[in-house]
Amino acid sequence: MVTNDGNVSAGKPVWGPVSPARVAALLAALLLMNVSLTFANIWPTLGIAPTADISPETAALLLGLVVARRRWNGPSAVALRWLAASWVLLVIGRYTEVTVASLYGRNVSLYWDMQHVSSVSAMFAAVTTPWLQAAIIVGVPLGLVSLYVGARWSLGVLAAGTRQLRVQRVMGALAAAMLLLGVVQTVGTRVPLGLGVASPVTAAYARELGELAYELSGAGVRDLGAPPVLRSDLSRLGGADVFVIFLESYGAVAWQRPHLAEPLAPAMARLDADIVGTGRAVASALVESTTFGGESWLAHVSLLSGTEIRDPASNVRLMAQERDTMVKLFGRGGYRTVAIMPGMLVAWPEGAFYGFEQIYNRDGLGYLGPPFGWWDINDQYALARADALEIEPHREQPTFVFFTTISTHAPFVPAPPYQADWARVLTADPYDPEALDRAWSASPDWSDLAPSYLDAFDYALRNIGGYLRLRADRDLVLVLVGDHQPPSLVSGEGASWDVPVHVVASRPAVLNRLRDRHRFTDTLDPGGESVARMDTLLPILLDAFGDGGAR
């Protein structure tokens, strides 16, 4: 029995009747422990829903309680407290596993993801309401306490139940049956009655801890292979300025999923009109990114280095090597090479690896306007500032600009207003009060971020089209490429890793090379099939830019 202070009383197991109240308590405790480790994510939200699956840990728990009763007359109160605390960790692990896999399309990584928790938390705090922040601050500790109390009560009930031999035998048989179902499912045999056994949370922890040890040992870094040979005389560019613009969260779903493609169709048509209206044309395709839903830098380095980088460990190893890059090739070709990194809040030593002559982070861009989101700065200002600092003053020398956008970063709000007067964007008063109030009044709907994504991406496309018109007098080649799909709560279930790439130029030789030799389309629509990976896109572009670029 369970005493008033929550301890399990001692005594030998006995035969005797089991009251209906005790049976109800046992069933409730068993159900609570099982559901706590078998719930699933409610896509596309942060919520969860119970499932009918069986938890292997719950089966092992029942078996352990029976053994403890037989050998040591049951677990002590102290042991139950530690077991309850451990169970809370399992629940946290289950929640993290199913939520990250559902919303971001990948497994969690203790080693790499934990390094970004503080930054991501601060970023989301900047765009959430004070009430939501207060709810999280209060709700998370309260939720953890509730989990512990629920687990401690359930464990006490189950442990006390083992004092009765009938319950003990039922629990042992039930545990054995649950474990047998797990074995049957593992070997591929059909589980009867449609029952399923959830993946063990302990196995997920073991996998993550193993990967953590693997990374810390240095053995986790894969062989990157020989550096690719990058060649191109850039002759088909004819001295045009080249912009490589990574559009944050621009995935193939913007064309393939109706709930995104249809609302974005007017914005795409407007961009097409901006391209044609400035005497330019476009060639488009899909490429497979090396990341999904985040970690944009893996896509950046894959394209700029021509080396496939799919994990942070390989990225670190690559940065320690001396390799040729797209940036260095353009530098050898007489270009001034510039990086525009509005989302970079600190120094960027990786810029030396790439070979940039000039790097502008958020502080270096000198933004004076109203803040938007975590970074304060917005993409239109960053592009206008880069133009004022690097394009307009250097008409005698072509410029290679690498620009990573941030205004379409999750959670996509507040989307800045588009300012048609690009000169005003550079002032401390870039927007009319009404437009600013509308932008600031927007808040994310955490159960459906698609509307916010659409607003942010409409803004991003206006920026590109507006800049094309602003610089209708310049010979520009714009390479617009998505870094990764938006998170699964926007892109939908089962989205590929494909992202669009558009090359906008007034040089038919460049565009025709892409269309005739590399299966690019002649419209903004990138088509339905990927033509390359992100890293193999580099030799394709170099081949289009001039002779010697094909591998």
Of everything in segment 186-213 that's touching a strand residue (DSSP E or B) at 6+ places or on another chain (Cβ under 9 Å) and surrounded by 16 or more Cβ atoms within 10 Å (Cβ to Cβ), which residue is modelled with the highest pLDDT?
Ala198
Can we say Pro416 is more than 30 Å from Lys328 (Cα to Cα) and in contact with a strand residue (DSSP E or B) (Cβ under 9 Å, 6 or more places away or on another chain)?
yes
Search result, residues across segment 488-497 that are surrounded by fewer than 24 Cβ atoms within 10 Å (Cβ to Cβ) and on the phi < 0 side of the Ramachandran plot
Ser488, Glu493, Ala495, Ser496, Trp497
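If you take the residues of segment 286-327 that are of a type in the set (D, E, K, R) and free of Cβ contacts under 8 Å to residues at least 40 places away in the same chain, which of them is farthest from Phe246 (Cα to Cα)? Don't jump to the end; show me each part of the working.
Filtering segment 286-327 down to residues of a type in the set (D, E, K, R) leaves 288, 295, 308, 310-311, 317, 322-324.
Okay, now just the ones that are also free of Cβ contacts under 8 Å to residues at least 40 places away in the same chain, so 310, 322.
Numbers: Arg310: 17, Glu322: 24 Å.
Filtering segment 286-327 for residues that are of a type in the set (D, E, K, R) and free of Cβ contacts under 8 Å to residues at least 40 places away in the same chain, the one farthest from Phe246 (Cα to Cα) comes out as Glu322.
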Filter result for Phe412 (within 26 Å of the chain's Cα centre (by Cα) and more than 21 Å from Ile464 (Cβ to Cβ))
no
Could you tell me whether Ser506 is farther than 18 Å from His300 by Cβ, crowded, with 17+ Cβ neighbours inside 10 Å and touching an Asp or Glu at 6+ places or on another chain (Cβ under 7 Å)?
yes
Could you figure out which of (1) at pLDDT below 95; (2) farther than 17 Å from Trp497 by Cα; (3) of a type outside the set (A, V, I, L, M, F, W, C) isn't true of Arg280?
(1)
Could you check, for segment 97-119, whether at least one of its residues is closer than 24 Å to Gly161 by Cβ and either modelled with pLDDT under 90 or not assigned by TED's automatic domain parsing to the domain that holds Asp448 (or both)?
no
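Kindly indicate whether any position in segment 409-418 is surrounded by fewer than 18 Cβ atoms within 10 Å (Cβ to Cβ), over 22 Å from Ala240 (Cα atoms) and not aliphatic (A, V, I, L, M).
Among the residues of segment 409-418, not one is surrounded by fewer than 18 Cβ atoms within 10 Å (Cβ to Cβ), over 22 Å from Ala240 (Cα atoms) and not aliphatic (A, V, I, L, M), which makes the answer no.
With out of contact with any Leu (no Cβ under 7 Å at 6 or more places or on another chain), under 25 Å from Pro539 (Cα atoms) and of a type in the set (Asp, Glu) as the only criterion, which of Glu262, Glu248 stands out?
Values: Glu262 fails: under 25 Å from Pro539 (Cα atoms).
The match here is Glu248.
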With respect to Ile377, determine if the residue is out of contact with any strand residue (DSSP E or B) (no Cβ under 8 Å at 6 or more places or on another chain), surrounded by 23 or more Cβ atoms within 10 Å (Cβ to Cβ) and not charged (D, E, K, R).
yes
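Residue by residue through segment 526-551, note down the ones that are of a type in the set (D, E, K, R) and under 18 Å from Val477 (Cα atoms).
From segment 526-551, those of a type in the set (D, E, K, R) are 529, 533, 535, 543, 547, 551; that's our starting set.
Of everything in segment 526-551, those that are of a type in the set (D, E, K, R) and under 18 Å from Val477 (Cα atoms) turn out to be Asp543, Asp547.
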Filtering segment 258-294 down to residues that are surrounded by fewer than 17 Cβ atoms within 10 Å (Cβ to Cβ) and in a loop (DSSP other than H, G, I, E, B) yields Gly279
Suppose we keep only residues that are modelled with pLDDT of 85 or more, among the polar types (S, T, N, Q) and not in a helix (DSSP H, G or I) within segment 30-59. Which one would you say is nearest to Val88 (Cα to Cα)?
Ser36
Identify the single condition in (1) surrounded by fewer than 18 Cβ atoms within 10 Å (Cβ to Cβ); (2) under 30 Å from Ala281 (Cβ atoms); (3) not hydrophobic (A, V, I, L, M, F, W, C) that Pro451 does not satisfy, given that it satisfies every other one.
(2)
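Restricting to segment 420-441, name every residue that is assigned to a loop (DSSP other than H, G, I, E, B) and either without any contact (Cβ under 8 Å) to a residue 40 or more places away in the chain or not assigned by TED's automatic domain parsing to the domain that holds Asn463 (or both).
In the first step, residues of segment 420-441 are kept if they are assigned to a loop (DSSP other than H, G, I, E, B); the result is 420-421, 426-432.
Across segment 420-441, the qualifying residues are Asp421, Asp432.
Filter the helices (runs of 4 or more DSSP H) completely within segment 296-379 down to those with at least 3 residues that are closer than 24 Å to Ser232 by Cβ. Steps first, answer last, please.
On the way: elements: 296-305, 312-319, 326-332, 350-354, 362-365.
In segment 296-379, 296-305, 326-332, 350-354 are the helices (runs of 4 or more DSSP H) which contain 3 or more residues that are closer than 24 Å to Ser232 by Cβ.
The values are calculated or read from the model by the stated rules, or taken from the named source; none is laboratory data. Given the structure is predicted, the values throughout are model-derived calculations rather than measurements. So basically every Cβ, Gly included, is an ideal-geometry build from the backbone, and we count neighbours across all protein chains shown.
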